[in-house]
Structures are given as C-alpha cells and as structure tokens.
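The structure appears right after this line, and notes come after that.
Every read-out reported here was derived from the displayed coordinates using simple, explicitly stated rules and does not represent laboratory data. The model shown is predicted, which means the values in this text are computed figures rather than measured ones. Virtual Cβ from ideal backbone geometry, glycine too; neighbours counted across all protein chains shown.
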Amino acid sequence: MAKVKKKELGKGIRALLGNIEGNTATPKKKNAAVKELSSAVAMVSLDEISVNPFNPRTDFAEEALEELAASIKVHGLIQPVTLRRLSAKEFQIISGERRFRASKLAGLTEIPAYIRLANDQEMIEMALIENIQRENLNAIEVAITYQRLIDECDLTHEVMAERVGKKRSSVSNHLRLLKLPPEIQQALKNKELSMGHARVLAGVEDPAKKLILFKRTIQDQLSVRELEKLAKLYSFGASPKKGTNDLDSDYKNVQSQFQEYFGSKKVKLKVNAKGKGQILIPFGSTKELNRLLDTLDND
C-alpha cells in the first residue's frame, strides 16, 4: 500500500470538510463526506488545538504524562485523538486530552486526529461516553460521568444504558454510590473498598450505621457476604457492637510492630475482653506466603 504524505492527507481532509459545509452540497454528498470523514485521520498542528472544557477528566498525573511522553518520543502517537472542528484552523478536543498533553511534552508539533462535526451538546455526550468506554475509571468516576450524562445531555437511565452498552441496573447501582458519605466514596476511589461492598453500604438507610459498617469492613477486612450479614442484623435493629479489632493504644502498638516486621498492613491483632486473641497474617498468593516465610527465616 502506498504511503500517504501528510500534505496529501491534510488536503483530503480539507476537501471533505468543504463538501460538508459547502452551500451547494447536497444531503447525499454531505452524508457521504461525513461517513468518509469518520474513518479518515488528519495531521493537525498542536497550536490549532484547544482543550475540551467539558472533559470529565480534570486531573492528569505528571509522572504518568512524562512516561507517555517518553513512549511517544520513541513510537509516535499511535492512537489518534478525536477533535471537533471550530473553524478552518481551530479544533477542540473531544477525547484524548491526555495524549495531547503528552505529545506537547514530547516536543511534537502535530498529531494524528479524527475530525468530528458536532454541536456543543453532542460533543459533551461523545466525550463522556467515550471516556466511560476507553478509560480505566474507578466506580465513583463512572458514577459521576453517568450523572453528567443525565444532567447535561438530558438522557434517561434507559437511553444512557443503551448508549454506554450497560444494563440499566448497573447504571442505577453506580448512581447510588454518589449518595454515599465522602469518606466511603474516597475509599472506593482508592480501591480500599470494592464495588460489592459499596453496593451493600448504599442500601443501608441509617447514615450512622452506614459509617459504622464501613469502618468495621475496613478494620476487620470483611468480605461482601460478611458485610451483607452484618447489614441485615443492623437493619433489624441490632445495636452496633464494638468490633473485635477496636484495639486500645498498647495493642495497636503491638499490631503496628507485627505489620512493620512482616511488611504488610494486612496483619491484624484481634483481642477480646479477656485478653485472648489471634494474630492474623493473610496472604493472597503462594509467592506472598513464601515472602512471609523468608521473613521468618531471615530473622
């Protein structure tokens, strides 16, 4: 296959855009041009690109950007960004701001891009939906994006579920997470809590019991099933009992020493009122078990 020169490629894109916007273009020609434009890639100057003010991503880790920039320096930008054309030499990012920023760091002057024609609302919807489908978002970020689609694009749960390729129940479960207290949402974002745990906590109506169950889950490393059982007890009016891992300062110091010795925050000390208890040293794999054994051997 013959290699397409950048100048020829740019000229082709301009011709397609002219076909779409020309006063004499027929609807048939416009549809054909839009269809061809959707798969064509143009080289666009970074100076002609502005960021998307509606981008659901607002934080870009500097270290991750530098790593991507280093890769771009070696391999170039493999995945084109998606842009909305504002004028002859002005484009706005629909998706790919992270790639755009990294390309600037890498010293590029132009990048490959898909060109789209969309009004502001269409642009918001396209950016949000593509963000959900392509980015590795945590559950809270997904929930926030769903809420934005509802608020800013006037989509119902049913329509939104269809657009993002999810079940309606999945959309509803994510939206319920936004009603959780901030500290529970933060734990979910930090992956200290699973989506299953969060779903159980979201079903607890009493805010005080919700927080108590959350703290017990973190302290005692409850499974989702254990949390469900505990939540049922609370829902029937059982008074919250002190957790087995609510240690006084002396025991907490001992637990900290064990955690430091084994190099794991998962090590727990459990002590009852009579002074009897357990030292729990969980491991997630044979490799981790061998590491713990090596720690003992080396001592």
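Between Leu233 and Lys266, with labels modelled 7 Å along Cα→Cβ, what's the label distance in nm to one decimal, could you check?
Taking the two extended label points, one gets 2.4 nm.
Longer than 27 Å from Cα to Cα, which of Lys210/Lys268; Lys232/Lys287; Lys104/Lys179; Lys210/Lys265; Lys179/Lys270; Lys179/Lys215 are they? Say none if no pair is.
Pairs exceeding 27 Å: Lys232/Lys287; Lys104/Lys179; Lys179/Lys270.
For Leu155, Leu178, Leu83, what ranking results if the residue with the fewest other Cβ atoms within 10 Å of its Cβ goes first?
Starting with the residue having the fewest Cβ neighbours, the order is Leu178, Leu155, Leu83.
If neighbour count is taken as other Cβ atoms inside 10 Å, put Arg225, Arg85 in order from fewest to most.
Arg225, Arg85
Hey, can you grab everything whose amide H is under 5 Å from the amide H of Asn52? Only 5+ residues off in sequence or another chain; H modelled, so Pro and N-termini drop out.
For Asn52, the qualifying residues are Ile93.
With 10 angstrom as the radius, rank Asp297, Asp206 by how many other C-beta atoms surround their C-beta, starting from the fewest.
Listing Asp297, Asp206 from fewest to most nearby Cβ atoms yields Asp297, Asp206.
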